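Engineer: Quick one: the structure is below, questions incoming.
The values are calculated or read from the model by the stated rules, or taken from the named source; none is laboratory data. Computed from a predicted structure; not experimentally measured. Please note: Cβ atoms are built from the backbone with ideal geometry, for glycine as well, and neighbour counts cover all protein chains shown.
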Amino acid sequence: MPISADNTVFLQLNHTIVLVGIMGSGKTSVGKRLASILGAKFHDSDHEIEEAAGMKVAEIFERFGEDYFRDGERRVIARLLDAPPCVLATGGGAFVSEENRRIIAKSGTSIWLKAELETLWDRVKDRSTRPLLQQPNPKQVLKNLMEKRHTAYQEATLIVSSDPGISHDIMVRRILETIREHDLAHPSAAPILTKKAVE
Ligand code: S3P
């Protein structure tokens, strides 16, 4: 993988990379790092919904309900997939929607950041920003959501494991290697990453 002294990768992103996976899988933090290394824009669907609504995700759930949030999520994802290639972190429930999976498959490359329950729980347990976990026995809720969503996440084009304690940099490296292997294995398809011409 060609990486310069300042850690910039001389690679050009040709498809939007859509990070999917359950809460705590690292979509936002890893996505930001990946985008910065690729010199691409980073977007987070939750953040975009919050900006458009002028309130936090928890407040949207509380005042308008989950269906309203899902509708906003679908519109934000469709809009961002229409924009130039970027790195897009989606909320944990986005890839459960068949329609979202279809539009993501059409114009982007989905990557499931897969992690074990204990790893996820460690990352989310001290935060109160996730409305679906604000109920009795949130760890069990998280486990149930993982089981329920597993089949949907498995439909992602690529899967990258997020092990306990793994750094964002190593996750980014794993993602880039997985994309490269995928591009090499599919020579007749349009590559996700190509070498950037350096002046
Ligand atoms: C949700 C995950 C959250 C956010 C909302 C619903 C879910 O995003 O979209 O609270 O359904 O799993 P993160 O996965 O970024 O926490």
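Engineer: Checking the conditions here, which among LYS148, LYS114 is at pLDDT 95 or above and over 25 Å from LEU13 (Cα atoms)?
Structural biologist: Being at pLDDT 95 or above and over 25 Å from LEU13 (Cα atoms) holds for just one of LYS148, LYS114, which is LYS148.
Engineer: Output the residues belonging to the stretch 115-127 that are free of Cβ contacts under 8 Å to residues at least 40 places away in the same chain and more than 10 Å from the ligand (Cβ to nearest atom). Please lay out each step first, then the result.
Structural biologist: Within the stretch 115-127, the first condition is being free of Cβ contacts under 8 Å to residues at least 40 places away in the same chain, and the residues that meet it are 117, 125-127.
Result: LEU117, LYS125, ASP126.
Engineer: Okay, next question. Look at ARG174 and say whether it is more than 16 Å from the ligand (Cβ to nearest atom), at pLDDT 95 or above and under 15 Å from the mean Cα position of the chain (by Cα).
Structural biologist: yes
Engineer: Filter the stretch 77-89 for residues that are part of a helix (DSSP H, G or I) and either touching a Leu at 6+ places or on another chain (Cβ under 7 Å) or within 30 Å of ASN137 (Cα to Cα) (or both) and give the result.
Structural biologist: The answer is LEU80, and nothing else.
Engineer: In the stretch 12-41, what residues are touching a Ser or Thr at 6+ places or on another chain (Cβ under 7 Å) and either of a type in the set (A, V, I, L, M, F, W, C) or modelled with pLDDT under 95 (or both)?
Structural biologist: Answer for the stretch 12-41, where residues must be touching a Ser or Thr at 6+ places or on another chain (Cβ under 7 Å) and either of a type in the set (A, V, I, L, M, F, W, C) or modelled with pLDDT under 95 (or both): GLN12, ASN14, HIS15, ILE17, VAL18, LEU19, VAL20, ILE37, GLY39.
Engineer: If you don't mind, there's one more thing I want to ask. Could you list, in sequence order, all residues of the stretch 60-76 that are assigned to a helix (DSSP H, G or I), more than 11 Å from the ligand (Cβ to nearest atom) and of a type outside the set (Phe, Trp, Tyr)? Even if it seems obvious, please write down each step before you answer.
Structural biologist: First, pick out the residues of the stretch 60-76 that are assigned to a helix (DSSP H, G or I): 60-64, 66-76.
Add one more test, that the residue is more than 11 Å from the ligand (Cβ to nearest atom), and what stays is 62-64, 67-68, 71, 74-75.
GLU62, ARG63, ASP67, ASP71, ARG74, ARG75 - these are the residues of the stretch 60-76 that are assigned to a helix (DSSP H, G or I), more than 11 Å from the ligand (Cβ to nearest atom) and of a type outside the set (Phe, Trp, Tyr).
Engineer: Looking at the stretch 132-150, which of its residues are of a type in the set (Lys, Arg) and surrounded by fewer than 17 Cβ atoms within 10 Å (Cβ to Cβ)?
Structural biologist: Correct list: LYS139, LYS143, LYS148.
Engineer: Could I ask something else about it? For the stretch 25-59, how many residues meet the condition of being touching a helix residue (DSSP H, G or I) at 6+ places or on another chain (Cβ under 6 Å), more than 10 Å from the ligand (Cβ to nearest atom) and not in a helix (DSSP H, G or I)?
Structural biologist: Final tally of qualifying residues: 2.
Engineer: Would you confirm whether or not the stretch 177-189 contains a residue that is without any contact (Cβ under 8 Å) to a residue 60 or more places away in the chain, charged (D, E, K, R) and either touching a Phe, Trp or Tyr at 6+ places or on another chain (Cβ under 8 Å) or within 17 Å of LEU13 (Cβ to Cβ) (or both)?
Structural biologist: Yes: one or more hits.
Engineer: Can you find even one residue in the stretch 87-97 that is surrounded by fewer than 16 Cβ atoms within 10 Å (Cβ to Cβ), over 23 Å from ARG123 (Cβ atoms) and free of Cβ contacts under 8 Å to residues at least 40 places away in the same chain?
Structural biologist: Within the stretch 87-97, none of the residues are surrounded by fewer than 16 Cβ atoms within 10 Å (Cβ to Cβ), over 23 Å from ARG123 (Cβ atoms) and free of Cβ contacts under 8 Å to residues at least 40 places away in the same chain.
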